[in-house]
Every structure is written in C-alpha cells, then in structure tokens.
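Input: a single structure, listed below in structure tokens.
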Amino acid sequence: MRPPGDNETPVTIVGGGLSGTEAALRLAEWGHPVTLHEMRPQCSSGAHKTSFLSELVCSNSLKSLNSQTPHGLLKEELLKTGSPVIESAMEARIPGGGALVVDRDVFARRLTDRVLSHPRIRVERGVVDRLPSRRPLVVATGPLTHPDLVKDLTAHLPGGRLSFYDAIAPIVEADSLDFDLLFRGDRHGEPGRGDHWNAPMSPETYERFCEALLWGERVPPHEGVEDNPEVLRAFQACQPVESLVETGWRTLAFGPLRPVGLVDPATGREPFAVVQLRPEDAGETAFNLVGFQTRLRYPEQERIFRMIPGLGRARFLRHGSLHRNTFLDAPVLLKPDLTLAGLPGVYATGQILGVEGYTESVAMGFLTALVLHAAWSSDNPWNLDAARVLPPAESALGALLSGLRPRRSSSFAPVNLHFGLFPGPSGPSARRLQREQIVARARRAFSGWWTARNAQGSRRSGVGG
Ligand SMILES: Cc1cc2nc3c(=O)[nH]c(=O)nc-3n(C[C@H](O)[C@H](O)[C@H](O)COP(=O)(O)OP(=O)(O)OC[C@H]3O[C@@H](n4cnc5c(N)ncnc54)[C@H](O)[C@@H]3O)c2cc1C
C-alpha cells in the first residue's frame, strides 16, 4: 500500500533516548509527522535519572573528537550531515582533553526542548508494552528496554535476543577530594595543565590497593546472566577493576591505571600507577573515576576507593554498578533495508539493534531515519534498494553498519566502531600508515556519497544537508 504523501508518512518511534531523538528530529525535518513514545518519567529504566530525552546514563563523554580515530571520524561525518544530537553535544561541550565531553543536563535539556518545540513531533509519555501496530515503526528502546516490550518483541521475532549486565564507574564529589595529593594533567599533555586530575600511586600503595580489590565483597552474579561466558566475552573491554586484578598484579598498572604520558610535577617522573579523575561538569564539581567499572558492593567501593591518594574522604555521588543490556542478534535479524526479519515496516535502532556506545547509537538513529525516509517516500516502501541510499562501507557510518551484517562467526557481540570494521587488507606492518589511509579513504568515500545525496535531495526536495 502506498503511503499518503511523498514525505508525509507518519512515523511511530518508541524510545526517546539518543537514537530515538536523532531519528525523530531527522524524520521530522524531512517532513514526517512523528509520534515519539517515552516511558520516563512514569517508569524508570533503573539507570536514567531524569525525564529528559537523550539522557546520558553514565559517562558524560562521547569519546574522541580526533578524526584520525574511528570515533572522531564518526562524529565528523555525523556533524557534516547535520546530526541534531551531535550538534547539541558540541553546544553543551565542557573541557575534556581531546574528547567530546558534555554537561549532561545542558545537553539533554537542549535536545528535549528541540523535540518538544518541533511542530511535527508529538511526544507521548508512558510505557509501550506491546509493539504498536502502526507502520512504519521504529523501536529505539535501548539497552534497558522495558521487560514487557522485550517479551512482546521476542515473541514476534524469528530468533536471537540476549540480556546481560554492563559495568559503570563511580562519581565522587570535588570538594571531598584532597587536591594536594593529586596533580593536573592530560596524558601526553603539558605537565601541570589539562582537564584531568591524577592520583599517583607508589608500588606499595598500588599493591595494598590491588589486595583490597581482590578480596572486596562483590555483588553476586545473576545466575544465567552475568555468569554466561558469552556475556563475559562480549564485555572484556568493560571488565570490572576487581576482575582485572584477578588476571595479574600488574594488569591495572598496564590498563586503566597506566601512568604513560602522565608526569607528576612534584617528582618530574611518571608514577608507578595513576588513577585518572575526569570532570563530570563544566564547574568541575564532580569527577568520574576513569575505567573504574565495578561489581563491588557499595560500602566496599567506599572503603576501597578511599585508599586512592586524595580520595581518603571522598563522597560518592554515584557508585559503580552493573546494568542489564538488551540487544537483538542483528546479523540474523537485520534485513538489507534495516527492517527486522519477519516484521515488515518495523525498524530497530540504537543499542537494542546491537551497536554499543553513545555515538554509535546516534549514528544508527540517523541511518535508520535515512532508509525509512527513502522507503516511505517511494512508490513501494517494501522494496527499497537500500544499497543506493546507505553510506559506503569505507566511511565510518558504513563501517559501523557492516559490523551488524551477517558474519562467519555464529555468535554476535555488540559493536563498537573500530578500525577492524573498515574494509580492506589489514596487517601488522605499517599499521599507522594504514590507519591514515583508512581515514583518508573514509573521508573521500563519505564526502562523495553525501554530495551525491544532497544533489538528489535538492532535485527531489528529500534528504539533503
Ligand atoms: C548503565 C549503562 C551505562 C552506559 N554507559 C555508557 C557510556 O558511558 N558510554 C557510552 O558510550 N555508552 C554507554 N552505554 C551504552 C549506550 O550507548 C547507551 O545506553 C545509549 O544511551 C544507547 O542509546 P539508545 O538510544 O539505544 O538507548 P537509550 O538512550 O537508553 O534510550 C532508550 C529510551 O527508551 C526508553 N524506553 C525503554 N523501553 C521503553 C518502552 N517499552 N516504552 C517507552 N519507552 C521506553 C528509555 O526510557 C530510554 O529513554 C551505557 C549503557 C548502560 C545501560
């Protein structure tokens, strides 16, 4: 059945997080009336704290802006396409070294205002417990999708869903820290200057700290979830600090506590180990313990993390904890036009689709909007040649998408953008040069694609920059 107008097909989006907000604003700009369903504040996800759309549930960093890195490149591409979410992040930016670190309230408030004031978007608050029947439909309910919807969704899908837990780091209050024991500095930056504060550890302090971590009381694993080896494998990059110590005494000193590039002005040398504190807000009223995801019990976190120099009387604004993550088996379920197998006209986007990370979720929100718009502005929305619409695999956006495509391995883990997802030969030799070539090629591919889209868009008053 042909939708009523070229760009005017109403779209239903469930989930007003990062991906849902990006998709809603894009589609509304391209002419679609959008109904956006958000369960907060009536129902909390457990991790979200406000009723704002696009709330950042954990870190306030959207990672590197350096376009020689995959994350920097992805943000560069999104900005060139006019991403409302990444634009708002740039507007809410606070100091954070080379990363896009934001004041989370300013960021979410700005996007919420933008959505609420858009004439084509209607926001409906409340839990959606079953897949709405209207098409096109976008499910953007994220890693903490309401369990009722998870149940209904899985009943409709031919296969694959996994729930598991993810670990987050604690936040401490600035005026509870002893700054005389800390030094300022970004890694490889000018000593004594920068956005981070650093807690230097001697070998003795480090050893005592590791000992305490090793024996600290932990929240027991949820049977059948956290003890699932597939889950543990998937989140190796996010292992709790106490689990890292289990793998060896020096693991932390070579991992999140590595001192490389952090010279203590008091000694003129790199300490044995360093705990980095990253500001949570422009006023530096709170700091995040970088890399300190943990499954320790809350009182244990306070006891053990107060052993870190400068944190002896730290007040914890947030403790580290573990969270459920829900995602679909994208390589099995995602069709070339980004609809879900067995559910015509239904799109999933953001983290529930199988990407991992703020910027990746925003990127998927954009790509979903792009294909949905192309399909539902055409004569036959059920038969889109998506390859003509989507960015090339050589671009950062295309590389991210290729991580969700069918693969040889049968198990699927959520996808962070990294150089390995970009096509082309890879080898250990001349790695640096090769990465530069990947970046240069990505830039060319993206710009060719986006220029062509804009030309088409201005001819058909459709998608354009
Ligand atoms: C605890 C935790 C910490 C994380 N920390 C980081 C981090 O530090 N850095 C990083 O890059 N990524 C992090 N992530 C991963 C992920 O990138 C973010 O969760 C990101 O917000 C995902 O975007 P999204 O749009 O897919 O989902 P979300 O931003 O979570 O948005 C989903 C929205 O859907 C709503 N919703 C859910 N179910 C329903 C329903 N049935 N009806 C109506 N509304 C519903 C939710 O309330 C929410 O607003 C973290 C994830 C978790 C769970």
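The values are calculated or read from the model by the stated rules, or taken from the named source; none is laboratory data. Everything numeric in this text was worked out from a predicted model, so none of it was measured. Don't worry about glycine lacking a Cβ; one is built from the backbone with ideal geometry, like all the others, and counts go over all protein chains shown.
Restricting the search to strands (runs of 3 or more DSSP E) fully inside the stretch 1-86 and requiring at least 1 residues that are closer than 17 Å to Leu372 by Cβ and within 13 Å of the ligand (Cβ to nearest atom) gives 11-14, 34-38.
Answer yes or no as to whether Ala363 is of a type in the set (A, V, I, L, M), at pLDDT 95 or above and assigned by TED's automatic domain parsing to the domain that holds Leu78. Yes, satisfied.
Is it true that some residue in the stretch 314-323 is in contact (Cβ under 8 Å) with a residue 40 or more places away in the chain, within 13 Å of the ligand (Cβ to nearest atom) and out of contact with any strand residue (DSSP E or B) (no Cβ under 8 Å at 6 or more places or on another chain)? Yes: one or more hits. Restricting the stretch 51-105 to residues that are β-branched (Val, Ile, Thr) and touching a Pro at 6+ places or on another chain (Cβ under 8 Å), the residue that is nearest to Leu289 (Cα to Cα) is Val101. Please go through the stretch 324-344 and pick out each residue that is near the ligand (Cβ under 10 Å from one of its atoms) and either among the charged types (D, E, K, R) or modelled with pLDDT of 90 or more (or both). The answer is Arg324, and nothing else.
Looking across the stretch 431-445, the residues that are at pLDDT 85 or above and either farther than 19 Å from Thr81 by Cβ or not in a helix (DSSP H, G or I) (or both) come down to Glu436, Gln437, Ile438, Ala440. Among the residues of the stretch 87-99, how many are within 15 Å of the ligand (Cβ to nearest atom) and part of a helix (DSSP H, G or I)? Looking only at that region, the number is 2. Among all positions in the stretch 274-293, there is at least one residue which is at pLDDT 90 or above, at negative phi and more than 16 Å from the ligand (Cβ to nearest atom). Of a type in the set (Lys, Arg) and more than 15 Å from the ligand (Cβ to nearest atom), is that true of Arg193? Criteria met by Arg193. A count restricted to the stretch 239-276 and to residues that are of a type outside the set (D, E, K, R), surrounded by fewer than 18 Cβ atoms within 10 Å (Cβ to Cβ) and part of a loop (DSSP other than H, G, I, E, B) stands at 11. For the condition at pLDDT below 90, under 23 Å from Thr339 (Cβ atoms) and not acidic (Asp, Glu), Arg408 does not qualify.
Here is a yes/no grid of residues against (1) among the aromatic types (Phe, Trp, Tyr); (2) outside any strand (DSSP E or B); (3) more than 10 Å from the ligand (Cβ to nearest atom); (4) touching a helix residue (DSSP H, G or I) at 6+ places or on another chain (Cβ under 7 Å):
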position	(1), (2), (3), (4)
Val101	no, no, yes, no
Arg110	no, yes, yes, yes
Arg114	no, yes, yes, yes
Val128	no, yes, no, yes
Thr141	no, yes, no, yes
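The number of residues in the stretch 420-430 being crowded, with 17+ Cβ neighbours inside 10 Å and either outside any loop (DSSP other than H, G, I, E, B) or at pLDDT below 70 (or both) comes to 1. Listed by first and then second residue, the pairs linking a residue in the stretch 345-359 that is over 13 Å from Leu144 (Cα atoms) and near the ligand (Cβ under 10 Å from one of its atoms) to a residue that is assigned to a loop (DSSP other than H, G, I, E, B) and polar (S, T, N, Q), with Cβ atoms under 7 Å apart and 6 or more places separating them unless they lie on different chains, are Gly357/Asn416.
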